[in-house]
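Quick note: the coordinates plus some simple rules give every number you see, no bench work behind them. Just so it is clear, the structure is predicted and the values come from calculations on it, not from any experiment. Positions of Cβ are generated from backbone atoms using ideal geometry, with glycine treated the same way; all protein chains shown enter the neighbour counts.
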Amino acid sequence: MAAKILVVDDDQNVQRQLIYTLKQEGYEVVQASDGAEGFRLWGAEEPALILLDVTLPKLDGYQVATKIRAEEGANGHVPIIMLTAEREVEQKVRGLRAGADDYLIKPFHPAELLARMKSLMARFTPRDVLVGRPPLGRIFAFYGAKGGVGTTTIAINAAIALNRELGRKVCLIDGNLQFGDHRVFLDLGLDRKSIVDVVTAPTIDIDLIKNVVVKHDSGVDLLLAPPSPETAELVTQEHLPNILDQLRSLYDYILIDIDKKLDELNLRILDAADTIFVVMTADLSCLKNVRLVLETISHLGYEQAKVHLVLNRSNAFTGINVKNAESALKRTIDHQIVNEYRGAISALNSGAPFMFTKADSLLGRSMLDFARAIDKMTPEAHRQLASTAQR
Ligand SMILES: Nc1ncnc2c1ncn2[C@@H]1O[C@H](COP(=O)(O)OP(=O)(O)O)[C@@H](O)[C@H]1O
Ligand SMILES: [Mg+2]
């Protein structure tokens, strides 16, 4: 069934354009040209999302949003995107405070509108549908076959895609304890709480962990790495399995980004993980490392299926293609992420992950395909993998 969208705008031209765009995408559209009518149609039609102009006759957009939020109570949350002609930051803030979930400044590109709509609907609808569903509690470790292959980029953006696009509850852990990059990638200061605040507490329990995780604007919860390399030593190999285990009861997915050392601490994490994603690029030193990692993993007694190979920057020219890599490793590459250096680096330098700000880019779509593939792995498959992982 097509999702129903309510468009509230008094400008005939804008309305025509919006309706055209939405119908082309297969949405059902209901329309209102003043605020009071918009509010009434929200109650009568129960739309899946509202596009709400700010300046409207009778009730303005802010008033409509405020009234809807007051009436819908705790059980419902219709996503609202505010359409504003005003460029002032104050106005946006007012809109968001009034209860809008997002805003777009006119004129905007239809693709941008559709991307924001999809993201919001994925974020809100499944959660309502899935009320009462226990969390999946799956642990994914992201392990780089060498530094700089994009492990952190993939862990962060996959976490955001699983949350924003697929409606999952996600916790992302920076497991690179000494030199974790998540604060930089996500523009968070050293004052934010970290795993050190967990391990230095007298008892580690769920309430403590809930208090330490940092809520990122993207919707993902973060357990950050220590603020300095010295304090990383406070985290021992016993701590992480315990923390991971507790997080299982709160989240659908716990993603942990770890560096390439195969020390006892990392081995404990790999052990606890349901799936290990080994991130690589198509070059000789990576192939060598992946071969060694696969050997180590089979010595540890893990099933081969517990390990997934992720080829990052898969279409970059390296002289080694996917087939070559597969035959050198004697196994298939499970996932591929496209190469888009500019998108990746500008996201990194601005502290806003591309999955958050440019979900519709080539890189964003490639990442979403990856997130969909890992979300499709059934809990049964995960449980089997987890039980074979017991040493
Ligand atoms: N798919 C990609 N396309 C282009 N550049 C990428 C891609 N993924 C990562 N990068 C870039 O590679 C560099 C290293 O990424 P990072 O995630 O820090 O790697 P790692 O965690 O493995 O050290 C960064 O500059 C990042 O922007
Ligand atoms: Mg990294």
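Quick look at the values:
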{"item": "Dipole of region 4-129, positive direction: furthest Cα of Tyr20, Pro110, Ala122, with charges on the beta-carbon", "result": "Ala122"}
{"item": "Packing-based exposure ordering (other Cβ within 10 Å, fewest first) of Tyr341, Tyr103", "result": "Tyr341, Tyr103"}
{"item": "Highest-first arrangement of 28-41, 144-157, 199-212, where packing means the average Cβ count within 10 Å", "result": "144-157, 28-41, 199-212"}
{"item": "Net charge dipole size for region 138-388 [Lys, Arg +1 and Asp, Glu -1 on Cβ; Debye, nearest 20]", "result": "780"}
{"item": "Computed lengthening from Ala44 to Asp197, 0.36 nm per intervening residue step minus Cα-Cα distance", "result": "50.2 nm"}
{"item": "Burial ordering of Ser119, Ser249, fewest other beta-carbon atoms within 10 Å first", "result": "Ser249, Ser119"}
{"item": "Partners for Lys4 among lysines (Cα-Cα distance below 28 Å; same-chain residues under 8 apart left out)", "result": "Lys23, Lys58, Lys67, Lys92, Lys106, Lys118, Lys169, Lys358, Lys376"}
{"item": "Span-rule helices in the chain, defined as complete DSSP H runs reaching 30 Å or more along the axis (Cα) with Kyte mean at least 1.0", "result": "none"}
{"item": "Calculated FRET efficiency for the pair Phe179/Arg97, C-beta based, R₀ 35 Å, to 0.05", "result": "0.35"}
{"item": "Alpha carbon centroid spacing (whole Å) that separates region 216-257 from region 27-53", "result": "42"}
{"item": "Sorted by Cβ density within 10 Å, fewest first, the residues Arg97, Arg183", "result": "Arg97, Arg183"}
{"item": "Estimated FRET transfer efficiency when R0 is 51 angstrom, pair Asn242-Ala85 (beta carbons, to 0.05)", "result": "0.45"}
{"item": "Alpha-carbon centroid distance for the pair region 164-195 / region 328-357, whole angstrom", "result": "17"}
{"item": "Stretch gain in nm, segment Asn321-Leu250, where the contour uses 0.36 nm per residue and the Cα spacing is subtracted", "result": "21.5 nm"}
{"item": "Cα gyration tensor shape of region 4-129, rounded if a/c is under 1.5, else prolate or oblate by comparing a/b with b/c", "result": "rounded"}
{"item": "Distance cut-off 38 Å, percentage of C-alpha pairs in the chain lying past it", "result": "26"}
{"item": "Cut-off 12 Å between beta-carbons: net charge of the residues surrounding Gly43, Lys and Arg +1, Asp and Glu -1", "result": "-3"}
